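A short write-up of the structure that comes next.
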C-alpha cells in the first residue's frame, strides 16, 4: 500500500502582515491552515523553526475531496445566477479603495 502525503507552505504579504498558508494532503483528504507571522518578513531559518516546533499544533480543516465538492457546487448552479450573486456582492462591498469610494 502506497501512502502519498504532500505538505506545502506558501508565504505571502497581504498588505499589512506576512501570512503563511500551510496545505496538507494525505490519502485523498486536503486541509489548509493560515498563520500570521507579523509585519516583518520571516527568514528561512525562522520558517524552518516554526515548522519544527509548531507543526503538531496547527489545526487543519480537512475535507474529503475538495475538487469534487467545489465542482459539484459550481456545476449545479446556473451561470446567470452566479453572475447575479457576484454582482450583488460587488455592489454590497464596493469596488476600489476608500478614497475612490468617497
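The values are calculated or read from the model by the stated rules, or taken from the named source; none is laboratory data. Keep in mind that what you see is a predicted model, and the values were worked out from it rather than measured. Note that we place each Cβ from the backbone using ideal geometry, even for glycine, and neighbour counts take in every protein chain shown.
Look through the range 56-89, keep the residues that are farther than 24 Å from residue 19 by Cα and outside any helix (DSSP H, G or I), and return whichever of them is modelled with the highest pLDDT. Of everything passing the filter in the range 56-89, 78 is modelled with the highest pLDDT. Can you give me the number of residues within the range 14-50 that are exposed (fewer than 14 other Cβ atoms within 10 Å of the Cβ) and part of a helix (DSSP H, G or I)? Of the residues in the range 14-50, 5 are exposed (fewer than 14 other Cβ atoms within 10 Å of the Cβ) and part of a helix (DSSP H, G or I). Quick one: is residue 53 modelled with pLDDT of 80 or more, over 16 Å from residue 10 (Cα atoms) and over 20 Å from the mean Cα position of the chain (by Cα)? When the stated conditions are applied, residue 53 passes them.
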